[in-house]
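Notes to accompany the following structure.
Only the coordinates and a few stated rules stand behind these numbers; no lab work does. What you see is a predicted model, and the numbers here were worked out from it, not measured in a lab. Heads up, the Cβs are rebuilt from the backbone with ideal geometry, glycines too, and the neighbour counts pull from every protein chain shown.
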Amino acid sequence: MAMEHCDLAIIGGGPAGMAAALAAECAGVGSIVMLEREQELGGILQQCIHTGFGLKYFHSDLTGPEYAERFIRQIRESGIRWKADTTVLSMSREKRLRIVSPAEGFRELQAGAVIIATGCRERTREALGIPGSRPAGVWTAGTAQRYMNIEGYKVGERIVILGSGDIGLIMARRLTLEGSRVLTVAEIRSQSPGLRRNLVQCLEDFQIPLLLNHTVTCILGRDRVEAVILSQVDQDLKPIPGSEMTLACDTLLISAGLIPENELAVQAGLELDAKTGGLRVNPDLESSEDGIFACGNALFIHDLADSVTLEGERAGRSAARYLQNLARQEGA
């Protein structure tokens, strides 16, 4: 198997990974490789065509792709190498990565330091344990967003959204603008976790009802979703018998929260934070293993891409200091 070497490997080419790479280069790291499993840099930003990005970092109201492009341009003008369409299969505590891509096949990469900027994943129907049949038309909100905004597909006509996090709220507006009818957004808690501006701009402005203290307790349909059963929940978030109501629909979008993407960290035996599900790090964003750092949604779920970017910069500077200290020790 072919072996490469670099000073710093960054897993993930989203806002955290790009910011980390640029900050590390600025701090003097010479050989940086960024690994991104999608076909282009930018991460989740590329499918977020709504505005609201960059208000804190750039003091501008940008779309996700516009925000990403500002960093991609800097990456292209830098000496940073990046490998798109590249998946990291495994990572060891010794900072050896096994990677694969259509262009280069299987390879190993030995790094002096690693930054984990792998982002997060969505909770699925299976994770929530929603009973019922298994027809087509059940989506996570982020997957539906990608299909609509990048692939150009319309995911449904009559839609129920479970969960009022920001992605679910934004998709309620997006679906409405594309001609679908969003029947309701159901939220199991007594208040929405979404940003107030999204509640106003995505639901209230379009007169989409928000049903608090409710959840989906069954999915009906054979080939395609035909209806969902909604139930009111008590203070322990348990469905209340007799409160069921059936809504005819052809699509259910699930926006029930995000989870840090931590499989590589678990594989390497790194310590996780029991509260966040992300990596446990010190104030320098260094994990339980010397020289392996983490930032962004791989640590915990951030509300703003701007915050992810700032944290990525911190991780890049910390990794640079680690490598500089390592070089001094080896030269002593």
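Once the Cβ-Cβ distance of residue 154 and residue 212 is raised to the sixth power relative to R0 = 25 Å, the FRET efficiency obtained is 0.30.
Where both bridge residues fall in the stretch 124-254, DSSP classifies roughly 40% of the beta bridges as antiparallel. For the stretch 124-254, the alpha-carbon radius of gyration amounts to 0.98 times the rule-of-thumb value 2.2 N^0.38 Å expected for a compact globular protein. For the chain, averaging the sequence separation of C-alpha pairs within contact (under 8 Å, six or more residues apart) and dividing by the residue count gives a relative contact order of 21 percent. Shape analysis of the chain based on the Cα gyration tensor places the equivalent ellipsoid semi-axes at 40, 20, 18 Å, largest first. The label-point distance for residue 177 and residue 27, in a model that sets each label 7 Å from Cα toward Cβ, rounds to 3.8 nm. Across the stretch 28-79, how large is the tail of the calculated P(r) beyond 15 Å, expressed as a percent of all Cα pairs? More than 15 Å apart: 53 percent of the Cα pairs in the stretch 28-79. Converting phi to 3J(HN,Hα) with the Karplus coefficients 6.51, -1.76 and 1.60 and the offset θ = phi - 60°, the stretch 256-270 yields 10, x, 10, 10, x, 7, 10, 4, 5, 5, 4, 4, 7, x, 7 Hz in sequence order, with x at every glycine or proline. The value of relative contact order for the stretch 57-149, using C-alpha pairs under 8 Å at least six residues apart, is 13 percent. Overall size of the stretch 183-242 from C-alpha positions, given as principal axis extents largest first: 36, 31, 15 Å.
What is the distance in Å between the Cα centres of the stretch 209-268 and the stretch 12-58? Comparing the Cα centres of the stretch 209-268 and the stretch 12-58, I get a distance of 32 Å.
At q = 0.30 Å⁻¹, what log₁₀ I(q)/I(0) does a Debye calculation on the Cα points of the stretch 86-138 give, no solvent, two decimals? At q = 0.30 Å⁻¹ the computed log10 ratios are -1.22. Only Cα pairs under 8 Å and 6+ residues apart enter the sum, and on that basis the relative contact order of the stretch 124-254 stands at 32 percent. If the chain linking residue 237 and residue 196 were pulled fully straight, counting 0.36 nm for each residue of separation and taking away their Cα-Cα distance, it would gain 12.5 nm.
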